[in-house]
Amino acid sequence: MNLIFTCGGTAGHINPAIAIAGEMRRRHPDCKILFIGAQGHMEEKLVPQAGYELRTLPGSGLSRKKNLAGLKQNLHAVDCVLKATKTCKEIFREFQPHVIIGTGGYASFPALYAGSKMGIPTCVHESNAVPGVTTKMAARRASRVLVAFEESVACYAHPERVEVVGMPVQQDFLYEDKKSARQKLGLGDGPVVLSAFGSLGAKRMNEMVAELFCMEKEAGFPFHHIHATGSFGWEWMPELLEKDGLDLAHTSSIDVREYIYDMPLEMAAADVVISRSGAATCNEIGVSGTPAILIPSPNVTNNHQEHNARVLSDRNAAVTILEKDCTARRVMEEIQALLADPQRREDMSKTLRTMVRLDSTQRICDIVEGLVKER
């Protein structure tokens with residue numbers, strides 16, 4: 001069995017594909033797996049890190065600006081898609097895939113389009129309630145469309161090809177527990193807070209965390225804080241912290257990194273997670289059962305991150321703070337309130353685990369296997 005996964009741009013697109021690939025390899029140890037992504041994006045780190053071969057294509061996102069610059073960007077994007085589609089066909093002739101699975105990102109559309117034109121079964125997964133541009137275009141020709149939310153089905157012209165499967169996550173999220181996770185990470189029994197705002201990093205959120213670190217210092221470092229800056233934040237945040245008087249090399253209670261590669265382990269070790277509320281992140285939080293403070297990004301299509309966050313906080317499974325209301329002082333107060341109330345955290349954890357589909361990865365793999373048999 002030969003499988004191609006196409007994804008990219010952010011970890012929210014990449015990690016679900018890695019989770020599905022891992023389960024397919026477990027079921028079929030001799031299957032061949034190839035990833036196709038976009039040049040210069042996070043997949044160039046995450047896919048090889050997971051042990052898979054990656055081929056990259058030139059890519060460019062579409063602009064919604066109605067000006068000359070927006071027109072030029074969109075013309076460039078179309079040119080990239082045409083070239084990428086041709087390259088994908090060449091890859092497919094060489095690799096001979098049985099199924100192509102897309103989970104979003106710039107590279108997904110040309111790969112899925114090329115596959116459908118060549119008569120190869122294609123499967124596209126959309127993690128958010130509102131489908132993105134790539135999914136909308138790919139869904140027109142896809143053999144199957146897989147969605148995370150029931151309300152998403154009505155967004156597609158061919159609902160008979162749509163199936164609600166939930167959001168796939170890495171299997172490690174299912175099996176790690178707090179005690180063993182902390183032993184593996186060398187952490188003690190004290191409270192642990194984990195914060196991350198996407199693989200690229202959100203400038204305002206990193207600035208907020210920098211201020212939060214200063215408050216933690218003033219309070220005598222009441223908890224161990226692990227923070228991922230993202231690739232953009234890594235370029236400037238360490239210098240900002242140094243200017244604020246934080247000597248990271250000699251401050252054991254603060255652990256700042258560009259990216260967290262072992263998120264299932266780190267999340268299992270944490271008492272509280274602070275993050276955006278993309279679909280993948282919310283599902284990972286749900287599967288791990290880690291209480292969370294969610295700060296939705298206001299810069300997303302149809303405000304879907306706030307919708308995701310409200311689903312959890314409306315059931316008291318998380319705390320939602322809108323970015324316009326988010327200050328380091330407010331976040332510090334919420335952290336302290338959660339850490340001071342173990343029963344509340346336990347209740348949040350139990351509720352979170354009732355809200356996710358734990359068999360999402362298995363269901364998607366069943367569908368992929370069905371497409372192979374139908375071919």
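Structure notes:
- Reachable lysines, given that their alpha-carbon falls under 24 Å from the alpha-carbon of residue 117 and they are not under 8 places away in the same chain: 32, 83, 86, 89, 136, 373
- For the chain, built as a Gaussian network whose Cα springs stay under 10 Å, the top-fluctuating residue of 132, 289, 245: 245
- Mean shadow area of the stretch 172-354 over all directions, Cα convex hull, nm²: 9.8 nm²
- Other residues whose C-beta falls under 13 angstrom from the C-beta of residue 111 contribute a net charge of +4, scoring Lys and Arg +1 and Asp and Glu -1.
- More than 32 angstrom apart: percent of Cα pairs within the chain: 33 percent
- Axis angle, to the nearest 10 degrees, between helix 342-354 and the longest C-alpha principal axis of the chain: 10 degrees.
- Its Cα centre serving as origin, the stretch 186-310 has a Cβ charge dipole (Lys and Arg +1, Asp and Glu -1) of approximately 440 debye.
- Derived scalar couplings between HN and Hα for the stretch 101-109 equal 10, x, 10, x, x, 4, 6, 5, 5 Hz in order, rounded to whole Hz, by the Karplus curve 6.51 cos²θ - 1.76 cosθ + 1.60 (θ = phi - 60°), x for Gly and Pro.
- Protection proxy ranking for 172-180, 271-279, 219-227, using the average of other Cβ atoms within 10 Å per residue and placing the highest first: 271-279, 219-227, 172-180.
- Residues whose amide H falls under 5 Å from that of residue 102, counting only those 5 or more places apart or on a different chain, are 6, 123, 124, 125, with hydrogens built in the peptide plane.
- Span from the the stretch 331-365 Cα centroid across to the the stretch 145-168 one, whole angstrom: 25 Å
A short reminder: the numbers here are calculations on the coordinates, not readings from a lab. Since this is a predicted model, take the numbers as computed values, not measurements. Glycine also receives a Cβ, built like all others from the backbone with ideal geometry; neighbour counts cover every protein chain displayed.
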